[in-house]
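Remarks on the structure that follows.
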Amino acid sequence: MKTIEQIAAELQGYDPQALRAADVNEFLARLVAPVTATETVGLFEALDRVLARDVISPISVPPHDNSAMDGFAFDGAQLRPDAPLSLKVVGTAFAGKAWRGTVAAGECLKIMTGAVLPPGLDTVVPQEFTTVSGETVTIPPKLLQPGDNRRKLGEDLLAGRPALQQGTRLSPAACGLLASLGIAAVPVFRRLKVAYFSTGDEILSLGEPPREGAVYDSNRYTVFGLLKRLGCEVIDLGVVRDEPALLEAAFTTAAQQADAVITSGGVSVGEADHTKTMMKQLGDVAFWRIAMRPGRPMAVGRISGIKTASTHRGKVEASSRFNSDKCFADGPLQGETAPPGLRAAAHDLPAQVETARRGADSGGSAACKASEPHDAGSVGAILFGLPGNPVAVMVTFLAFVRPALLQMMGCTTASPPLLKARSAEAIRKKPGRTEYQRGTVSTGPDGTLQVRTTGNQGSGVLSSMVQGNGLIVLHHAQGNVAVGDEVDVMMFDGMI
Ligand code: AMP
Ligand code: MG
C-alpha cells in the first residue's frame, strides 16, 4: 500500500496547490484498490453488481439453427437469379416442437419464427413475399440469398466461449444474457460500503428550525443518491458538528465500518474548523487545491479507524466456495490470497489501531481476512474530503470520486464517453483550469447535438444540476468558447 507521499512522488509535476483534474484521477487510481471478497447472488439481485469471474457459455445461444421469420424453409441452393422458385409444402414446424420429417429437393416446410430448421434447410422466405396456391409456394426471383432469415446456432453465444468478463457491471442486458445461458446465480464482488457525513456548524438537518446564517444539509441527499446509483451500501452519519470529539468519533466509526468515507465541507483554505485537523490526525491525507471550477479544495487519503469486534461482514462468504461451477472461469478468485498492498502496513497505523489490528489478526477466518481490503489488518478507509458547496460536491463526485469508487467495486467497465455538442452560446473560460458547467443538451435544428448552459454557474446553485442534463467539460488548456464551437459533454444519464 503506497503512502500519499509515495504516490505524489510518482506523479510528474505534482503540485498539491494547483493540481490538474487529470492528475486527480491518476492519483486516485493509484490510491485505491478493488475489493476482492465475493458472494453469489441470484439474477434479480445481480443487477448493477460487478461480476467477480469471467463467465464461460455453458450452452450455445441459440441452441439450434432456427427461423427468424414466419414463412417457408427450404434449401437455398435451389434459388435461381432469373426464375421464380416453386416448392411443395410438406409440413409445418412450430417453435418449441421438434419436426421430424424430411424435406427433399423441390419441397419446403412451413415454419414459424423460432422453430428449429431441420438439417439441409438453410433459407426462409417470409410468407408475405410468397404466392401460395394449394400445396405449392412460389418465391419470386432476386428476393433472397441462400441463408437468409436463418438464425445460426451459437450466433449470439457459443458454448465454451467467454460470454462476460470479470469486472463487468451487470446491466439489464447482461442479466438477460446470463438468463439466456440458463445461469441463475453469479459470483459478484461484495458491495462497497461508503460512509458519509456533512460538516459545518452552519448546516441544519431536516426538521431543525431555520436560523440565521444556517442552511439545510443538501449534500447528505445528493451524496446518498449518487452512492445509491452506484449500488454502494451507504452508511449515513448525518451532520457532524465542529467539535473534535464528535469529528473523531465520526471519522473512526466511518473508517471502521466502511471502505470509503466521504465528507463535505471544511476543507477550504482558511477554514477555521476542526475537520482538516482531525483528518490530519487520523490519517494519511493530502489537501489539494485543484485547478477546476466548481470544486477547488479537496482532501484525499486514508483514514484509520479503531477496529472493534463487531465488524460486519454481512452475507459475504469466503470466495473459495465457488470454484466448481463450470460456467465461471477456472482458477482461484482474487480474494483467495491477499494481493500485496491491501493490508495496512503496521508502521502506517497509530498505536491503538495497531493493537486492535494484532488482536483481530489472531482470530477469524483466514479466507475472509485475506479477501477483505477493509477487514482485520487493514483498519481504515479511503477518504474523499469534498468541498462544501452543493454543486462542487456533485461535480467532484462525478469527476473524481465516482471513477475511484467504481475501481474499488472491481469494475472495469469504461466510463461513458464524453459526447460532442455545439455550443449554442459563447462561454467565457480561462485556460489553466478545468470547468464543469451545467448544460442542457438537445438536438438542434440541423439534427446535431447542441448544448446551452443553465445560466448562473455559482457553485451553490443546485438548481443548475436539476435543470441541466449534463456537464459541459471545458478542459484545462481550453479558452473561450464561441457560438457553434464543439464542446465535450458528460451526460448525467443514470448517474445523478
Ligand atoms: P465549506 O467548503 O465548508 O467552506 O463550505 C462552502 C459552502 O458550502 C458554504 O456556503 C456552506 O454553507 C455550504 N455547505 C457546506 N456543507 C453543506 C451542506 N451539507 N449542504 C448545503 N450546503 C453546504
Ligand atoms: Mg465550512
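Rounded to two decimals, the Cα radius of gyration of the stretch 86-244 over 2.2 N^0.38 Å is 2.04.
Once both labels are positioned 7 Å from their Cα atoms along Cα-to-Cβ, the gap between ALA482 and ARG211 label points is 5.5 nm. Charged neighbours of MET292, selected by a Cβ distance under 10 Å, balance to +4 (K, R count +1; D, E count -1).
The gain in end-to-end length when the ALA83 to ALA245 segment is fully stretched comes to 49.2 nm, 0.36 nm per residue minus the alpha carbon separation. The C-alpha atoms of the chain define a longest principal axis, and helix 21-31 lies at about 90 degrees to it.
Normalised by 2.2 N^0.38 Å, where N is the number of residues, the C-alpha radius of gyration of the chain stands at 1.27.
Working ranking of peptides 381-387, 91-97, 489-495 by packing, defined as the average number of other Cβ atoms within 10 Å per residue, highest first, is 381-387, 489-495, 91-97. The Cα center of the stretch 160-219 and the Cα center of the stretch 79-95 differ in position by 55 Å. Note on VAL466/GLU135: beta-carbon distance plugged into 1/(1 + (r/R0)^6) with R0 of 51 Å gives a FRET efficiency of 0.20.
Of interest is the spacing of the C-alpha centroids, which for the stretch 243-269 and the stretch 19-45 amounts to 20 Å.
Counting every alpha-carbon pair across the stretch 439-482, the share separated by more than 15 Å comes to 52%. Its residues counted as N, the stretch 107-152 yields a C-alpha radius of gyration over 2.2 N^0.38 Å of 1.13. Ranked by the mean number of other Cβ atoms within 10 Å of their residues, highest first, the peptides 450-459, 50-59, 423-432 fall in the order 50-59, 450-459, 423-432. What is the angle, in °, between the Cα long axis of helix 219-230 and the longest principal axis of the Cα atoms in the chain? Nearest 10 is fine, range 0 to 90. With rounding to tens, the tilt is 30 degrees. Once the Cα-Cα distance is subtracted from the 0.36 nm per residue extended length, the ALA426 to TYR221 segment shows a gain of 70.5 nm. Using alpha carbons only, how many degrees (0 to 90, rounded to 10) separate the axis of helix 351-361 from the longest principal axis of the chain? Tilt of helix 351-361: around 40 degrees. If I take R0 = 25 Å and measure r between the Cβ atoms of ALA414 and ALA68 in this structure, what FRET efficiency does the formula 1/(1 + (r/R0)^6) give, to the nearest 0.05? With R0 = 25 Å, the Cβ-Cβ based efficiency is 0.20. For the pair PHE94 and ASP156, the difference between a 0.36 nm per residue extended length and the Cα-Cα distance amounts to 20.2 nm. Classify the stretch 1-112 as rounded, prolate or oblate from the Cα gyration tensor: take a ≥ b ≥ c as the square roots of its eigenvalues, call it rounded if a/c is under 1.5, otherwise prolate when a/b beats b/c and oblate if not. Prolate is the answer for the stretch 1-112, as a/c is 1.5 or above and a/b outweighs b/c.
Laboratory data are not the source of any read-out in this text; all were calculated from the coordinates shown. The structure presented is a predicted model; accordingly, all values stated were derived computationally and were not measured. Counting neighbours? That spans all protein chains shown, and the Cβs are built from the backbone with ideal geometry, glycine included.
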